[in-house]
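Okay, here's the structure, questions in a sec.
Derivation of every value follows stated rules applied to the coordinates shown; laboratory data play no part. For clarity, every value in this text was computed on a predicted model and none was experimentally measured. Counting neighbours? That spans all protein chains shown, and the Cβs are built from the backbone with ideal geometry, glycine included.
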Amino acid sequence: MWALKPEQCRQWGPIPNVTPPIRVPCHIDAPCPECNRSLIGEQLKWQRMGPLAFARIGCKGCTTNVTFVIVDPTQPQSMPGKDPLVFQSPASQPAPLLPPRCAQVSPTAHLIAQQTLVAESLGLSELLGMGYRKALEFLIKDYLIDRQPDAADQIASRPLAQCLESAGSMGHQIREMGKRTAWVANDLTHYVRKRPGLDHTVVKTLLSITAKWIDFELETQELNDTIEHRP
């Protein structure tokens with residue numbers, strides 16, 4: 001099940017003939033999880049069942065049935081201006097955060113990053129810094145091991161900070177973006193924070209930039225290995 005972003009839920013209004021009134025979106029701006037066809041044109045017909053409100057539509061592109069669910073929809077009535085989370089099933093898979101070359105070098109970093117994206121979609125904001133921080137450590141260490149296989153054991157056992165400081169084979173931009181990703185992510189785990197204005201979205205962006213620089217170096221190395229040097 002996948003939590004939709006607020007901007008994907010359009011034209012909120014009450015379910016007819018339901019007391020107390022429950023606010024639900026009439027349209028969802030989301031793609032079909034099977035064929036990627038937009039579902040925005042389909043009007044949702046919501047029903048109440050115990051603590052749930054749900055609506056089901058069939059995609060006209062591939063006939064996949066997509067269900068949207070609101071859990072405990074009466075609770076937000078005590079929070080004026082706030083609409084409840086809307087969940088979609090089956091879930092659309094989040095777009096990969098790491099480029100394909102990074103995912104190939106570090107499948108575990110790719111897995112952790114994707115699981116953290118799912119947690120983000122569910123609104124689990126307090127866990128995200130740790131998830132993206134763990135993805136960073138696996139990505140950096142697997143990248144260094146890929147470049148220095150003879151030092152695999154030493155790299156694996158070093159703290160991330162030491163890997164970022166002492167890796168002579170690592171590009172400057174990778175090192176600097178990696179450090180900043182770790183700084184902000186680590187700060188999110190502390191009771192008293194040094195950087196209270198920075199949240200998990202900054203960590204996610206920094207991790208993405210770090211991965212792009214790694215991808216750039218991996219692509220450069222591929223081309224250097226492929227194209228014969230001629231003086």
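Report the extension gain between Thr226 and Ser166 in nm, rounded to one decimal, defined as 0.36 nm multiplied by the number of residues separating them, less their alpha carbon distance. Provide the component values of the computation, followed by the final result.
Values: separation 60, 0.36 × 60 = 21.60 nm, distance 2.88 nm.
Difference between extended and current length: 18.7 nm.
Calculated FRET efficiency, Gln173 and Gln115, Cβ-Cβ r, R0 25 Å, to nearest 0.05? Show your work: numbers first, answer last.
Numbers: r = 26 Å, r/R0 = 1.06.
So, using R0 = 25 Å, E works out to roughly 0.40.
Over the chain, what is the relative contact order in percent, taking alpha-carbon pairs closer than 8 angstrom and at least six residues apart? Provide the component values of the computation, followed by the final result.
Working: 324 pairs, mean separation 33.5, N = 231.
Reported as a whole number, the value is 15 percent.
Moving on. To the nearest 0.05, what FRET efficiency results for Lys194 and Glu7 with a Förster distance of 45 Å applied to their C-beta separation?
Values: r = 32 Å, r/R0 = 0.70.
Calculated value: 0.90.
Between 0 and 90 degrees, rounded to the nearest ten: what's the tilt of helix 107-121 against the longest Cα principal axis of the chain?
30
For the chain, set up a Gaussian network in which alpha carbons nearer than 10 Å are linked by springs, and say which option among Ser166, Ser106, Ser208 fluctuates the most.
Highest fluctuation among the options: Ser166.
Roughly how far apart, in whole Å, are the Cα centres of segment 116-131 and segment 179-203?
A separation of 14 Å, based on Cα centres.
With label points built 7 Å along Cα→Cβ from the Cα atoms of Ile40 and Thr63, find their separation and express it in nm.
2.7
Out of these labelled values of mean projected area of the Cα convex hull in nm², [x] 22.2; [y] 11.2; [z] 17.8, which was calculated from the coordinates shown here?
[z]
Still on this structure, please answer the following. For the chain, can you list the cysteines whose C-beta has no other cysteine C-beta under 4.7 Å from it?
Cys9, Cys26, Cys102, Cys163
When a footprinting reagent is the concern and you count Cβ atoms within 10 Å, what order do Lys194, Lys141 take, fewest first? Can you show the working numbers first?
Details: Lys194 10, Lys141 21.
Lowest count first: Lys194, Lys141.
Compute the angle between helix 172-187 and the longest alpha-carbon principal axis of the chain, please, reported from 0 to 90 degrees and rounded to the nearest 10.
50
Please tell me the relative contact order of segment 2-89 in percent, rounded to the nearest whole number, where contacts are Cα pairs under 8 Å and at least six residues apart.
On the way: 158 pairs, mean separation 21.9, N = 88.
Relative CO of segment 2-89 lands at 25 percent.
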